[in-house]
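Enquirer: There's a structure below that I have some questions on.
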Amino acid sequence: MAALCLRKLIHQATRNETSCVSKYLDILLVRTMQKTTFSQTLMVMAGAKRRLMFVPTKSFCTTEEAEKKPEEKKKKTNAQKTFGSIGRKIPQRILHVISENGDSLGNMHRGDVIRLMNERDLKLVPLRENEEPPVYRLMTGKQIHEEQLKRREKQKASSKAGPVQLKELTFSATIAKHDLETKIRHIQQWIDKKHHVRISVQQRNVADGPEKMLALFDQIVETMPEKATYLSQPRVIKEGKSTCVLRHMSDKEISDYRKRETEKQTDILKKESGNETTEPSELQ
């Protein structure tokens with residue numbers, strides 16, 4: 001009987017304790033609901049009831065950003081800067097300016113440069129931005145267009161042109177005329193493909209000297225006007241053997257060659273015309 005009474009008392013005490021705790025938690029929950037937002041209240045309720053609450057949130061992951069950043073860097077590094085005007089937005093304060101005629105105007109403030117652009121109706125093109133101060137050039141729209149065309153042509157030529165190869169030919173200074181013509185045809189084919197050609201000539205009669213071999217090199221070059229020129233001048237590498245390397249002429253060298261040839265022809269015509277005028281006077 002005593003045990004039963006003791007059991008009832010313990011049960012009543014524990015029930016009163018849990019009811020007091022729940023009342024206290026309810027009062028705390030009401031106060032927090034008055035002071036906090038709905039989401040914070042849910043968190044307090046979850047803590048009060050000793051339960052876990054899963055809140056949907058955006059997944060945090062840096063793999064996408066890590067994958068994008070290298071691609072962006074590659075795009076920036078691989079992207080070639082196009083040649084053109086930058087407009088009126090000049091990032092630098094002081095810059096070195098070159099006029100449209102190619103003359104240096106010295107270091108100028110960007111405000112003075114913009115004023116000069118407005119006065120002359122010119123555009124500003126960056127040349128060397130990494131220097132201190134950076135170098136810019138004033139150009140007309142026509143000059144920019146012509147320069148862009150030149151760069152496109154150079155880019156096409158560089159993409160089409162293959163690797164330069166070195167071809168070699170060795171023959172005697174006493175080679176027959178027919179064999180020499182065959183060798184020259186091979187050299188012309190290689191020069192047309194922009195290859196380098198090393199020619200080695202052996203001389204049997206050393207007593208004749210290297211003059212005969214050097215004359216043979218000049219003879220080969222003269223058969224290819226506006227095409228071949230010396231990459232390395234003829235030289236004697238050992239007794240009785242000379243060598244040289246030929247290459248294709250550049251566009252500038254070809255234009256200079258044509259200019260010299262026209263000047264020679266004009267000089268010849270002047271001399272001939274002078275001789276024709278002096279002959280009648282001598283007859284009189």
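Enquirer: Need pairs with beta-carbon distance below 8 Å; first residue over 18 Å from residue 256 (Cβ atoms) and within the range 223-244, second modelled with pLDDT under 90 and assigned to a loop (DSSP other than H, G, I, E, B); sequence gap 6+ or separate chains.
Expert: As it stands, the answer is 236/210; 240/203; 240/204; 241/203; 242/203; 242/210, since those pairs meet every condition given.
Enquirer: Further, regarding this structure: Do you know which of the residues in the range 233-260 that are loosely packed, with under 12 Cβ neighbours inside 10 Å and among the charged types (D, E, K, R) is modelled with the lowest pLDDT?
Expert: Ranking the qualifying residues of the range 233-260, first place goes to 239.
Enquirer: Could you give me the residue pairs with C-beta distances under 6 Å whose first residue belongs to the range 167-178 and is under 13 Å from residue 202 (Cβ atoms), whose second residue is hydroxyl-bearing (Ser, Thr, Tyr) and surrounded by 11 or more Cβ atoms within 10 Å (Cβ to Cβ) wherever it lies, and which are 6+ apart or on separate chains?
Expert: 170/200
Enquirer: Of all residues in the range 136-145 being surrounded by 15 or more Cβ atoms within 10 Å (Cβ to Cβ) and in a helix (DSSP H, G or I), which is farthest from the chain's Cα centre (by Cα)?
Expert: 143
Enquirer: Across the range 160-205, what is the total count of residues that are in contact with a Pro (Cβ under 9 Å, 6 or more places away or on another chain) and modelled with pLDDT of 90 or more?
Expert: Selection size over the range 160-205: 1.
Enquirer: Looking only at residues in the range 78-118 that are of a type in the set (D, E, K, R), exposed (fewer than 11 other Cβ atoms within 10 Å of the Cβ) and within 21 Å of residue 141 (Cβ to Cβ), which one is nearest to the chain's Cα centre (by Cα)?
Expert: Among them, the one singled out is 81.
Enquirer: Moving to a separate point now. Would you say residue 168 is exposed (fewer than 11 other Cβ atoms within 10 Å of the Cβ), more than 33 Å from the chain's Cα centre (by Cα) and of a type in the set (D, E, K, R)?
Expert: Here the answer is no, as residue 168 does not meet what is asked.
Enquirer: Right, another one. Residues that are modelled with pLDDT of 55 or more: which helices (runs of 4 or more DSSP H) entirely in the range 33-135 hold 2 or more of them?
Expert: 38-48, 110-120
The values are calculated or read from the model by the stated rules, or taken from the named source; none is laboratory data. These numbers were taken from a predicted model, which means no experiment stands behind them. Cβ: placed from backbone, ideal geometry, glycine included. Neighbour counts: every protein chain shown.
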